[in-house]
Structures are given as C-alpha cells and as structure tokens.
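K.L.:
A single structure is presented below for examination.
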C-alpha cells in the first residue's frame, strides 16, 4: 500500500503552491523502495499520485497521462482543472469496463488517486481524491477538506492502517507547532515533515517505506519534482521520485533537506557529495570499454 498526501502550501505574503508527496515502496513478495508514485501531468498545472493496488493503479495513471497528451484541450489547459477532473473520471471508468474476471472481488479496483491542480476559473488550487465507489459501480471523487483557514487544502490517500497512522503523526506535529487550535495561516511543509517521521519509523516489513517523494505545482503553471537529500544531508545522497540518483547525475532544481527543510543549490549538493566521499566521475574507467559481445 501507499501513503499519499496533497495539500496547499501557503508562503509568506499569501503566495500558494500545491504539493503532492508519497512514500516510494512497492511490495509483492519483494520490496522495491524506488517506485515513482507522484506524476506531473503533461498540462503542467496538475499532478496525480496513487495509493493501493499497483497492478491496477499504474495502468490507470499512465492512461490519464497519455490521454492528456492526445486531447488538445487537456494538454493546453483550455480544459480547466475542474473540467479536466471529469475527463479523468471518464478515462478511469472506461478502463474499469475492460476488467474481465470471473472473480467478483477482482472487478473492484482497490486503489485511490489524489488529483490536484490550479484552476484558472476559480483562481485557486483544487484537490480531489478519486476512488472506486462500489455503490455507484464507478470511479467518483471526494473534495479535499479545509484546514488552517484554507478551503479544500488537505487530503490523504492510503489504506485503513497507513492513513490513520500518518494522520496521527501529522496531527501531533501540527499541534506541537501551532497549539491545539492550529490557527488560520495555512499549512507550510508540515505534511511533508510528518511523512518523513512516518517513513523513518517504518520497518522493512511495513507496507510504507523508502524515500519521500515530492512534486510541486506552482500558480505560474509549472509542475516540478523536488529532489530530496535522503536519508539525510550528510549522506550526500539525493533521491528524485524515490530513486537514488547516480553519483554523477545533476539536477537543476534545488534539493530539499528533510530535516531543516532548507533548499540546497545544485552546487551545494555537489559539495555535499564530495564531502561524503562520492565519486562525481561521469564514466568510470571500467565502463569506458565496450563490454558487448563481438559480433565478428
């Protein structure tokens, strides 16, 4: 299973950005702690992430991605995010119709999606949790709830174990920072901090684990994955959408320190890697020779 979170972050001056975050673990008798779960959508003002059965969720998400490329109004943002949500629902439900099995329980997709983006009609961010409603016989949506004085600004997707466990950590963290009434200043990065705490407390057999992954959607209609210094700043390792970058890979975006929440420039990341003793050579000497069989 997965824990996924979407929230509207409020910065100083009232500027807002949409954040989507999740863990990076997949399990199917084996554990993979490098699975991308948050996807920027081609329209560049929206993103989607999932929780649930990977075999169902992944093809659904990929179809949403590619359908956004092929349908011009969806690709160019002429279709506002609220109308785009309806388009996504139609795509998901059309795929459900293709499920063929004699086992009744397997006809019900066991997955949820968090879909969020910027609405040029409403001039604000919108967040929905999309899931399969057996009583309706189709995918439908719930709208995010308001929190800390900002409407429709926070939502969680996860199973009956992971979601309540994460929510308890989140509630405790926000109460520690803001007191019991939480105020009306909007969330900052508290949901991400709670995710970091949750992941660090997860064991190797837990359904949730791996590096945290984070994607931001900006009001200027740009969607960017954020590199994370994981497991910590001093490790010199950088994770992008769950995958630990190779030592010579550089990214343009500033990396996020999961402890201080400071952003580190690409040059700063390079210095951290060097300080940790990582080689920054692009091609190792052993890799320079052609190791493919000689056809002759």
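K.L.:
I'd like the full set of residues that are buried (at least 18 other Cβ atoms within 10 Å of the Cβ), modelled with pLDDT of 95 or more and in a loop (DSSP other than H, G, I, E, B), limited to segment 1-28.
P.N.:
Result: 3, 23, 24, 25.
K.L.:
Enumerate the pairs (first residue in segment 153-169 and in the same structural domain as residue 197 (by TED's automatic domain parsing); second residue anywhere and at pLDDT 95 or above and assigned to a helix (DSSP H, G or I)) with beta-carbon separation below 6 Å, excluding pairs fewer than 6 apart on the same chain, so at least 6 apart or on different chains.
P.N.:
Pairs found: 156/163; 166/198; 169/194; 169/197; 169/198.
K.L.:
Cβ-Cβ under 6 Å, sequence separation 6+ or interchain: first residue in segment 195-206 and under 15 Å from residue 167 (Cα atoms), partner part of a helix (DSSP H, G or I) and modelled with pLDDT of 95 or more. Which pairs?
P.N.:
As it stands, the answer is 197/169; 198/166; 198/169, since those pairs meet every condition given.
K.L.:
Looking at segment 94-114, is at least one residue assigned by TED's automatic domain parsing to the domain that holds residue 56, in contact with a strand residue (DSSP E or B) (Cβ under 8 Å, 6 or more places away or on another chain), closer than 28 Å to residue 181 by Cα and at pLDDT 95 or above?
P.N.:
Yes, segment 94-114 has at least one match.
K.L.:
Taking only segment 199-231 into account, find how many residues are surrounded by 14 or more Cβ atoms within 10 Å (Cβ to Cβ), out of contact with any strand residue (DSSP E or B) (no Cβ under 7 Å at 6 or more places or on another chain) and part of a loop (DSSP other than H, G, I, E, B).
P.N.:
6
K.L.:
Given the condition in a helix (DSSP H, G or I), modelled with pLDDT of 95 or more and not assigned by TED's automatic domain parsing to the domain that holds residue 14, answer yes or no: does some residue in segment 235-251 qualify?
P.N.:
yes
K.L.:
Test residue 137 against the stated conditions and say whether it is over 18 Å from the mean Cα position of the chain (by Cα), at positive phi and assigned by TED's automatic domain parsing to the domain that holds residue 54.
P.N.:
yes
K.L.:
Here's something else I'd like to know. Within segment 108-121, is there a residue that is within 21 Å of the chain's Cα centre (by Cα) and more than 26 Å from residue 35 (Cβ to Cβ)? Let's see the steps before the verdict.
P.N.:
Going through segment 108-121, the residues within 21 Å of the chain's Cα centre (by Cα) turn out to be 109-119.
Then drop every residue that is not more than 26 Å from residue 35 (Cβ to Cβ), which leaves 118-119.
Yes, segment 108-121 contains at least one residue that is within 21 Å of the chain's Cα centre (by Cα) and more than 26 Å from residue 35 (Cβ to Cβ).
K.L.:
Would you mind finding the one in 261, 246 that is out of contact with any strand residue (DSSP E or B) (no Cβ under 7 Å at 6 or more places or on another chain), surrounded by fewer than 17 Cβ atoms within 10 Å (Cβ to Cβ) and on the phi > 0 side of the Ramachandran plot?
P.N.:
261 is the lone residue from the list that is out of contact with any strand residue (DSSP E or B) (no Cβ under 7 Å at 6 or more places or on another chain), surrounded by fewer than 17 Cβ atoms within 10 Å (Cβ to Cβ) and on the phi > 0 side of the Ramachandran plot.
K.L.:
Name every residue in segment 211-236 that is in contact (Cβ under 8 Å) with a residue 12 or more places away in the chain and over 17 Å from residue 21 (Cβ atoms), in order of residue number.
P.N.:
Answer for segment 211-236, where residues must be in contact (Cβ under 8 Å) with a residue 12 or more places away in the chain and over 17 Å from residue 21 (Cβ atoms): 219, 221, 222, 232, 233, 234, 235, 236.
K.L.:
From the list 238, 269, 251, pick out the single residue that is surrounded by 14 or more Cβ atoms within 10 Å (Cβ to Cβ), closer than 11 Å to residue 226 by Cα and more than 17 Å from the chain's Cα centre (by Cα).
P.N.:
Being surrounded by 14 or more Cβ atoms within 10 Å (Cβ to Cβ), closer than 11 Å to residue 226 by Cα and more than 17 Å from the chain's Cα centre (by Cα) holds for just one of 238, 269, 251, which is 251.
The values are calculated or read from the model by the stated rules, or taken from the named source; none is laboratory data. From a predicted model like this one, the values you see are computed outputs, not experimental measurements. Glycine gets a Cβ as well: all are built from the backbone with ideal geometry, and neighbour counts include every protein chain shown.
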